[in-house]
Amino acid sequence: MAMNRRRFLKHGLGAFGAAGLCGAFGNLRILAAAAGQQRFPIGDYKALVCIFLHGGNDSFNSIVPYSTSQYADYRSSRQVLIANGGVAFDQATIEANALSPLAAGGGLPGGLPSDGGSYGTHPALAELRGLFNSGRAAVIANVGTLLHPTTQAQYQAGTIALPPQLFSHSDQSIYWQTSRPDDANANGWGGRIADRLHAFNTGPLPMCVTLSGNNLFQRGDMVSSYAISPEGVEKMSYLGEGPESWVIPPNEDGVAAYQALLAANTQEHAFERAFADVTRNTVANYEIVDAALSAAPPLTTTFPDSSLGGQLRMAARLIQVRAALGMSRQVFFVSAGAYDTHNNQVDDQQWNLSQLSQALKAFYDATVELSVAQSVTAFTASDFGRSLGVNVDGTDHGWGGHHFVVGGAVRGKRFYGTMPSLRDNANPDDTGYGQIIPTTAVDQYAATLAAWLGVSNSEIADIFPSLANFNSADLGFLA
C-alpha cells in the first residue's frame, strides 16, 4: 500500500498543478538549510527554459549552407529547389540571411562552423538570426540521442549499442526528454536536475513549471511539474471559483461536501488523504501565484499572439515574480507542434519557424526588461532532425539535428560541435538511408545546461550516466 501511495503522489500531483509538494519537499529544504548546504547566495537566480518542437524540426533547412562546396552538397541532397516543388533554398536567399559567427579566441570553445563553411538561416528566423549575430544565441550542431559516439561503420555493422526505436516520434521524444535511451522508465533530465536543486528554493512551489501540460522532461523522483495556463491561474470549479462556475453556479451543498472531503486528518484511506493533501496544497499555491501575478506591473515587452508567444509570456511573468514565490532555481517547459513535415514543408516551416523566432526574441527582450538576461537560458529540443532526402515537398524522420540556445549567459555568435556532411552519396555521416548520425549527444547538451544551473560534477555524473562515454561533459556554450 505504501508503494502505491508513493506512485500516486509522484505521478498524480501534476494533474493538480502542485506536484512534489508532499512533506518530504519541505523537509529536504529544512535539512539542507540546517546542514549548511545552501550553495547559492541570496538573490542568485537562474532558470532554464526548454522549448520542445514536437514532430522533428528540419534543422537542415533551418541552418543552411551558402558557401560553394557545402551548398552544392545541400542542393544535391535536397534534389530540387523550392521553385520546382522541392524544399531547397537557392544560394542567394541563404546568403542574404547569413549568420556571422566569431572565430574561437581567448581559449573559449566554439567559433566558426567546423567544416569551414558559411551558413545562414531559414528566412523565417530573422529575429533568432539577429540574436545570434548580436552574440545572444549560439548553434549547437548535430545533436541527438546516443549511448556512445557512433560511426557509420558501427551503425551499419550493428557493433555498437544504439537508442531503441530510432526514428520513432514517441520513443525519440521520450529519450530526448530523459536522455536515458538505456532506461525506458527513466525520469526526465529536467526532473532529475530539480531533484538535486529544488531544496534550495524557499517558496512552496515546485522548481519545474510547465506552460504546456504534462511532460516527461520535468518528472523526477522527488518533484514533478507545476502546471499553469498561459492565461494565468485556473481556479477550481468545485470550490465555486473555476471558469465553469460562471455558467453553472455550484450547488452550495456540493461545495460544502467537497470542502469536507478536503478537511485535514478526516480521511480513513491513504488515497483519500493523499488526494486531500494534494488538493489543499493546490488551492494554497494557486492563491500564492495568483496574488504574486496580480501584484506585478504589466510587462512592456510585446509578445506575438501565438500559442508559443503566450507560453513564453507567462514564463516571463513567473520569472518576474520569482522573489515573491521564493524561487532561486527554475526549469520551465513550453512547446509547439506541427513540426512533422512529411509534406507541405515549405509553408509549414515558414509558419512554425516564424512563430519560434518571434516568440524567442520577445522572451529574450522580456528578460532584458526584467534585468535577468544573464540568468535565463532558453534552448530548443525536438524529437529528432529530419532526413536529407525529400519526398517532393517534405522530409522524413531523421536523427541528428541543430539546435539554438539563447540568453545573456550564452557565449553566442558561435557554432559548437561538428557540422555533418550534407552529401547525398558516399556521406560518412549518413546512416545509409538519409538520416544524419549525431556527433553531439543529448547528454552533453543537457549536462552543459545543468552545470550552468548549478548542478555539481558528481551530480551530473549521476544524472547522465552515459556521459562518461563521451570526450566532453561541458560543450562550453555558457559562461
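The values are calculated or read from the model by the stated rules, or taken from the named source; none is laboratory data. Since we're looking at a predicted model, the values are computed, not measured. Note that each Cβ is placed from the backbone with ideal geometry, even for glycine, and that neighbours are counted across all protein chains shown. These accessible areas exclude ligands, DNA and RNA; they are computed on the full protein's heavy atoms, side chains included. Shrake-Rupley method; radii C 1.70, N 1.55, O 1.52, S 1.80 Å.
Condition test on Asp290, is it under 29 Å from Gly454 (Cα atoms), assigned to a helix (DSSP H, G or I), without any contact (Cβ under 8 Å) to a residue 60 or more places away in the chain and not aromatic (Phe, Trp, Tyr)?
Against the criterion (under 29 Å from Gly454 (Cα atoms), assigned to a helix (DSSP H, G or I), without any contact (Cβ under 8 Å) to a residue 60 or more places away in the chain and not aromatic (Phe, Trp, Tyr)), Asp290 qualifies.
Residue by residue, here is whether (1) modelled with pLDDT of 95 or more; (2) buried (at least 18 other Cβ atoms within 10 Å of the Cβ); (3) of a type in the set (Ser, Thr, Tyr); (4) within 30 Å of Leu453 (Cα to Cα) holds:
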residue	(1), (2), (3), (4)
Pro243	no, no, no, no
Trp246	no, no, no, no
Pro249	no, no, no, no
Ala257	no, no, no, no
Ala274	no, yes, no, no
Ala296	yes, no, no, yes
Gly310	yes, yes, no, yes
Gln330	yes, yes, no, yes
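Select from segment 196-219 the residues that are open to solvent by 30 Å² or more (accessible area, probe 1.4 Å), in contact (Cβ under 8 Å) with a residue 24 or more places away in the chain and farther than 14 Å from Arg322 by Cβ and list them in ascending order.
At the first step, the residues of segment 196-219 found to be open to solvent by 30 Å² or more (accessible area, probe 1.4 Å) are 196, 202, 204, 212-214, 216, 219.
Remaining after also requiring in contact (Cβ under 8 Å) with a residue 24 or more places away in the chain: 196, 202, 204, 212, 214, 216, 219.
Correct list: Arg196, Ser212, Asn214, Leu216, Arg219.
Can you tell me how many residues within segment 225-241 are at pLDDT 85 or above and closer than 17 Å to Ala257 by Cβ? So that I can check it myself, show each step before the final result.
Here is the first cut: in segment 225-241, the residues at pLDDT 85 or above are 225-233.
If we keep only those that are closer than 17 Å to Ala257 by Cβ as well, we get none.
Matching residues across segment 225-241 total 0.
Sort out which residues of segment 312-328 are over 17 Å from Glu231 (Cβ atoms) and open to solvent by 40 Å² or more (accessible area, probe 1.4 Å), and write them in order of number.
Within segment 312-328, Arg322, Ala323, Ala324 qualify.
From the list Val64, Val143, Val139, exactly one residue is closer than 20 Å to Val390 by Cβ and modelled with pLDDT of 95 or more. Which is it? Give the derivation first.
Working: Val143 fails: closer than 20 Å to Val390 by Cβ; Val139 fails: closer than 20 Å to Val390 by Cβ.
Sole residue among the options that is closer than 20 Å to Val390 by Cβ and modelled with pLDDT of 95 or more: Val64.
Which of the following residues is surrounded by fewer than 24 Cβ atoms within 10 Å (Cβ to Cβ), polar (S, T, N, Q), over 18 Å from the mean Cα position of the chain (by Cα) and not in a helix (DSSP H, G or I): Ser466, Ser472, Ser458?
Details: Ser466 fails: not in a helix (DSSP H, G or I); Ser458 fails: not in a helix (DSSP H, G or I).
Testing whether each residue is surrounded by fewer than 24 Cβ atoms within 10 Å (Cβ to Cβ), polar (S, T, N, Q), over 18 Å from the mean Cα position of the chain (by Cα) and not in a helix (DSSP H, G or I) leaves just Ser472.
Give just the number: which of (1) hydrophobic (A, V, I, L, M, F, W, C); (2) open to solvent by 60 Å² or more (accessible area, probe 1.4 Å); (3) touching a Cys at 6+ places or on another chain (Cβ under 9 Å) does Ala338 not satisfy?
(3)
Taking Gly398 as meeting all but one of (1) touching a Gly at 6+ places or on another chain (Cβ under 7 Å); (2) over 18 Å from Pro163 (Cα atoms); (3) at pLDDT 95 or above, write down the number of the exception.
Failed condition: (2).
Is segment 419-441 home to any residue that is surrounded by 21 or more Cβ atoms within 10 Å (Cβ to Cβ) and under 17 Å from the mean Cα position of the chain (by Cα)?
yes
Take the residues of segment 293-303 that are farther than 14 Å from Ala323 by Cα and touching a residue at least 24 places away in the same chain (Cβ under 8 Å): which is farthest from the chain's Cα centre (by Cα)?
Thr300
Taking Arg414 and the conditions (1) more than 25 Å from Gly190 (Cβ to Cβ); (2) open to solvent by 10 Å² or more (accessible area, probe 1.4 Å), which numbered condition does it fall short on, given that it satisfies the others?
(1)
Cβ contacts < 7 Å: first residue of a type in the set (Val, Ile, Thr), restricted to segment 462-479; second residue surrounded by 19 or more Cβ atoms within 10 Å (Cβ to Cβ) and in a helix (DSSP H, G or I), any location; separation 6+ or different chain. Result?
Here the result reads Ile463/Trp189; Ile463/Arg192; Ile463/Ile193; Ile463/Ala450, each pair linking segment 462-479 to a residue that is surrounded by 19 or more Cβ atoms within 10 Å (Cβ to Cβ) and in a helix (DSSP H, G or I).
Of all strands (runs of 3 or more DSSP E) completely enclosed by segment 61-166, which ones contain at least 3 residues that are within 25 Å of Asp430 (Cβ to Cβ) and either in contact with a Lys or Arg (Cβ under 8 Å, 6 or more places away or on another chain) or hydrophobic (A, V, I, L, M, F, W, C) (or both)? Before the answer, list the steps.
Numbers: elements: 63-65, 119-121, 137-144.
Counting at least 3 such residues, we get 137-144.
Kindly check whether there is at least one residue in segment 443-451 that is of a type outside the set (Ser, Thr, Tyr), assigned to a loop (DSSP other than H, G, I, E, B) and open to solvent by less than 10 Å² (accessible area, probe 1.4 Å).
The answer is no, given that none of the residues of segment 443-451 is of a type outside the set (Ser, Thr, Tyr), assigned to a loop (DSSP other than H, G, I, E, B) and open to solvent by less than 10 Å² (accessible area, probe 1.4 Å).
Considering segment 68-99 alone, what residues qualify as being surrounded by fewer than 18 Cβ atoms within 10 Å (Cβ to Cβ), over 17 Å from Gln349 (Cβ atoms) and modelled with pLDDT of 95 or more?
Thr68, Ser69, Ala72, Ala92, Glu95, Ala96, Ala98
Could you say which residue among Ala96, Ala104 is under 22 Å from Gly408 (Cα atoms), more than 26 Å from the chain's Cα centre (by Cα) and among the hydrophobic types (A, V, I, L, M, F, W, C)?
Ala104
So Asn425 ticks every box in (1) of a type in the set (S, T, N, Q); (2) out of contact with any Pro (no Cβ under 9 Å at 6 or more places or on another chain); (3) modelled with pLDDT of 95 or more but one. Which box is left unticked?
(3)
Between a residue in segment 394-412 that is closer than 22 Å to Asp347 by Cβ and any residue that is among the polar types (S, T, N, Q) and in a loop (DSSP other than H, G, I, E, B), which pairs come within a Cβ distance under 6 Å, given they are 6 or more apart or on different chains?
Close Cβ pairs (under 6 Å, with a partner that is among the polar types (S, T, N, Q) and in a loop (DSSP other than H, G, I, E, B)) amount to Gly394/Thr341; Gly394/Asn343; Gly398/Gln435; Gly401/Ser59; His402/Ser59.
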